Every structure is written in C-alpha cells, then in structure tokens.
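Novice: Take this structure, written in structure tokens, and hold onto it; I'll ask about it next.
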Amino acid sequence: MATYDCDAPARSLVAVGGGDATMFAAGTQTIRGGNAIHIVSHDRDRDVARCAAVLTHPDGEIWSMDARCSDGGSGGVRDVLATAFDGTSRGGVAIWRLPPSLDPRGDPTRGDLARVGTIRSSDLSDDADASDGPRCVRWSAADPAVLAVVADSFLAIVRVDAEGGPDPKPNTRGVLPPGSFVPSPSCASFHPDAPDVLAIACRGPDVHVHDARAGLDHPPSQTIANAHALQVRSVDYDPGAAGTRLATCGDDGLVKMWDARNFAKPTGERGAAMDGHAHWAWCVAHNPEYPDRLLASSGGDGVVRLWRTDGGGGGDGGSVGSIGGSIGGTQLCAAASFRGSHADTVYQAAWGRGDDPWTLASVSYDGRVVLDQVPRAEKYRILL
C-alpha cells in the first residue's frame, strides 16, 4: 500500500498514461479556490506513491474527470482529460491536454494545464440554472470523439475533434426528472462497443439506458427498476463482455451484477448482490485487463473492496461466499478488503493501465490517494 495526500478535498480520480508508466490523476474540490490536478505515479519496486505533477485547474471545484487513453506511446489521445467543474460562475466542462513529458520518477512538475476547450452549462441545457453544473463526465471507449455529461437536471452527449476540442453545442441532450439529485463522479457508463448507448444512475433507485440515436429527450430504451434502495450511485459496463454485463452499486451498500439482455433481476440465484459496504457504495470499476475476473468497489465506510466476477473459490480478504446459477454464468464473490487507509468517504476507485493492471487506486474526500495491490494469491489464481 502506498499513499499520497492532495492536501485538499477530492472526489475524482482517473488513470492516465500507459505502458510501464501508469499514473493517476486526482482532482481537488475546495471552495477556497486553488484547485489542481495531482498526477500521482507508483514506484512498484518500492511500493511508493510519488507526485509527478501538480497542475492548476483555474475553473474551480472538480466534480468528475475522465481521460481519453490509449496504450503505449506518449502524447496523442491518451493525454486528453475532461473535467466537470463548478466555480464562482456557472459551471461546465473543460477539456485539457496533459504535459507530454511527465516524468513519474523525476521531480514534480508544477504549472498550468493546456486548455483545449470549454463548454458552459448554458450550452449543454437550456434549463440549466447557475447552480446546475455538470457532475459527471465520461468518454466513450468505442468512439473517442464522444463525451457524456451528466448534471443534476440534464444529460448531454458532446462530440470533440481529433485534438479534443469540443463542438460548442451538444450533439444531443435531454432533461432529467426534477428532484433532489447530485450525480456521483461515476454515475454514467458507455456501452463498450456502442458509442450511442449510455447507462446512467438517474434520480432514485433506477438505472436508465439511453440510446442517443433516438434522442436523449425520449424515454430510456431500457430501465432497471429498483436496482438499489434509495439511490444508485455508480454504473460500469464490463468492457470485455460486449455490453452484456453491467455492475451497479448504491445507497443500500450493495454491489450487483446485471445481464443487459435481461434486466428483470440481478444475475445469480440470490441476485448477485453482496453486502459490500456498511454505508453508501459510491463506485464500481471493472479491471480493464481482466474485466471478467476482477471488480472493485468503494464506499462511504472508507473501505475499498475487491470482487471476483467469475465466482472463484474463497481467498484473501474473507470471502463471503459465491453466488452461482447466474444468467450468462456471472458470479460475484468477495476477494479482498482494503481497510484503514481512508478516514473519509471513498468516492472513486480506478485501475492502473498498460503494464500495471494489478494496481488499484482510490481517493477519499479528505484528499488521500491510496494505491493498493491485488493480493498475490488472487493474481496467481487469474494467471495460472
């Protein structure tokens, strides 16, 4: 385990880089100003977290981030970062390019982000008021020119050019039902093979799947009714299952797996729902290299949990049992728990990319970034 402190509240985290230089970007969220994106690298040999850069974010509080990444090389699309921000004026979405020469092993770089473009809330929704800033941004893996934006009252899909510059008007947009709702940083997930299909954790206990080809102002194409008690906080498509598997978590503390071909019930005889957290569960994230084997979750109890999505037998972290007999063979089984590192709500977790799929990063509201490793026994279970 390695830790790094941003010295400011934070709730957004994303993997950047690739190859043997996996890094993570954490965005701060302080109303006092001086927000920044901290680039944290991982020295795997010594298990130490290092600050590679602190880059000023002049647009205010960062509510969510996502990186448009590709494996290997330097520069290019992997360095395009989108942030959902809220400042003294109306919020919006900013698109940035990270410095091309970040050295994960050198002295920290301090400076400014290179702005590519900005989209204000007024351009995303006619109904957006001054307090209704975007709360979640997500790039499409199937089409790197597509970006989804979720706010308290609206949903929009924006197209960008090859350099990351946004179209000043969204490609399509829709109004979400009224009510008290603050989207989480990971409340939306694109279908891995269909850039027009987006699942969102909407207001209340339901998950909605929208097809942008029909327009976001139309009813959702699919709905998971009562997916969780109270509020769904996070959704994540399995990137390796052709859009047939979806993970969710919510205020009931549960982690659930769903077969997108049949949303009538969660997969498994007992619903593939595990009591993952003692408080609200805020994030679920599939491992990008082994999405059919590993899933991470984080919650308001300050705990990060690791799950087997293939239902393998017991192991480190205190397995609470396998759930079998599932639709499509999906099973969910506890593999490990990482406790004691966070003292506040863990809003987001992110897996390493490139040559480092075994590092799991997480960020809590107190600004602490923790880098955990998949237990060795679990790694061998997958590789051997």
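Novice: If you scan region 27-61, which residues turn out to be without any contact (Cβ under 8 Å) to a residue 60 or more places away in the chain and hydrophobic (A, V, I, L, M, F, W, C)?
Specialist: ILE31, ALA36, VAL48, CYS51, ALA52, ALA53, VAL54, LEU55
Novice: Of everything in region 37-46 that's part of a strand (DSSP E or B), modelled with pLDDT under 95 and not polar (S, T, N, Q), which residue is surrounded by the most Cβ atoms within 10 Å (Cβ to Cβ)?
Specialist: Selected residue: HIS42.
Novice: Can you go through VAL93, VAL54 and tell me which one is more than 23 Å from LEU371 (Cβ to Cβ) and either surrounded by 16 or more Cβ atoms within 10 Å (Cβ to Cβ) or at pLDDT below 85 (or both)?
Specialist: VAL93
Novice: Name every residue in region 212-227 that is over 15 Å from HIS191 (Cα atoms) and in a loop (DSSP other than H, G, I, E, B), in order of residue number. Let's see the steps before the verdict.
Specialist: Taking region 212-227 and keeping what is over 15 Å from HIS191 (Cα atoms), we get 214-219, 224-227.
Result: GLY215, LEU216, ASP217, HIS218, PRO219, ALA225, ASN226, ALA227.
Novice: Something else now. Yes or no: THR267 farther than 26 Å from ALA67 by Cβ, β-branched (Val, Ile, Thr) and assigned to a loop (DSSP other than H, G, I, E, B)?
Specialist: yes
Novice: Taking VAL255, is it modelled with pLDDT under 95, part of a strand (DSSP E or B) and in contact with a Leu (Cβ under 8 Å, 6 or more places away or on another chain)?
Specialist: Answer is yes for this residue.
Novice: Now a separate question. If you go through region 91-121 one residue at a time, how many are assigned to a loop (DSSP other than H, G, I, E, B) and of a type outside the set (A, V, I, L, M, F, W, C)? Reasoning before the result, please.
Specialist: Narrowing region 91-121 to residues assigned to a loop (DSSP other than H, G, I, E, B): 91, 98-108, 113.
Among the residues that remain, those that are also of a type outside the set (A, V, I, L, M, F, W, C) are: 91, 99-101, 103-108.
Counting residues in region 91-121 that are assigned to a loop (DSSP other than H, G, I, E, B) and of a type outside the set (A, V, I, L, M, F, W, C) gives 10.
Novice: Residue pairs, Cβ under 8 Å, 6 or more apart or interchain, first in region 100-124 and among the acidic types (Asp, Glu), second at pLDDT below 90 and crowded, with 18+ Cβ neighbours inside 10 Å. List them.
Specialist: Note: pairs meeting the criteria are ASP123/PRO170.
Novice: Now for a separate question. What are the pairs, 6+ residues apart or on separate chains, where a residue within region 232-249 that is surrounded by 22 or more Cβ atoms within 10 Å (Cβ to Cβ) has its Cβ under 6 Å from a residue that is charged (D, E, K, R) and assigned to a strand (DSSP E or B)?
Specialist: Short answer, once both residue conditions are applied: ASP238/ARG245; ALA247/ASP236; THR248/LYS256; CYS249/ARG233.
Novice: I would also like to ask the following. Return the only residue of ALA8, ALA25, ALA49 being out of contact with any Pro (no Cβ under 9 Å at 6 or more places or on another chain), surrounded by fewer than 23 Cβ atoms within 10 Å (Cβ to Cβ) and not in a loop (DSSP other than H, G, I, E, B).
Specialist: ALA49
This table checks each residue for (1) of a type outside the set (Ser, Thr, Tyr); (2) more than 29 Å from GLY91 (Cβ to Cβ); (3) within 16 Å of the chain's Cα centre (by Cα).
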{"site": "MET1", "(1), (2), (3)": "yes, yes, no"}
{"site": "ASP7", "(1), (2), (3)": "yes, no, no"}
{"site": "ALA15", "(1), (2), (3)": "yes, no, yes"}
{"site": "ASP20", "(1), (2), (3)": "yes, yes, no"}
{"site": "ALA25", "(1), (2), (3)": "yes, no, yes"}
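Novice: Determine which single condition ALA148 fails, assuming it passes every other condition in (1) modelled with pLDDT of 85 or more; (2) more than 15 Å from ASP217 (Cα to Cα).
Specialist: (2)
Novice: Scan region 130-154 for residues that are among the hydrophobic types (A, V, I, L, M, F, W, C) and over 17 Å from the mean Cα position of the chain (by Cα) and jot them down.
Specialist: Within region 130-154, ALA130, ALA145, PHE154 qualify.
Novice: Checking PRO266 against (1) more than 19 Å from the chain's Cα centre (by Cα); (2) surrounded by 22 or more Cβ atoms within 10 Å (Cβ to Cβ); (3) under 26 Å from PRO144 (Cα atoms), which test does it fail?
Specialist: Going through the list (1) more than 19 Å from the chain's Cα centre (by Cα); (2) surrounded by 22 or more Cβ atoms within 10 Å (Cβ to Cβ); (3) under 26 Å from PRO144 (Cα atoms), PRO266 breaks only (3).
Novice: Same structure, new question: Can you pull out every residue in region 344-357 that is modelled with pLDDT of 95 or more and surrounded by fewer than 21 Cβ atoms within 10 Å (Cβ to Cβ)?
Specialist: ASP344, THR345
The values are calculated or read from the model by the stated rules, or taken from the named source; none is laboratory data. These numbers come from a predicted model, not from an experiment. Please note: Cβ atoms are built from the backbone with ideal geometry, for glycine as well, and neighbour counts cover all protein chains shown.
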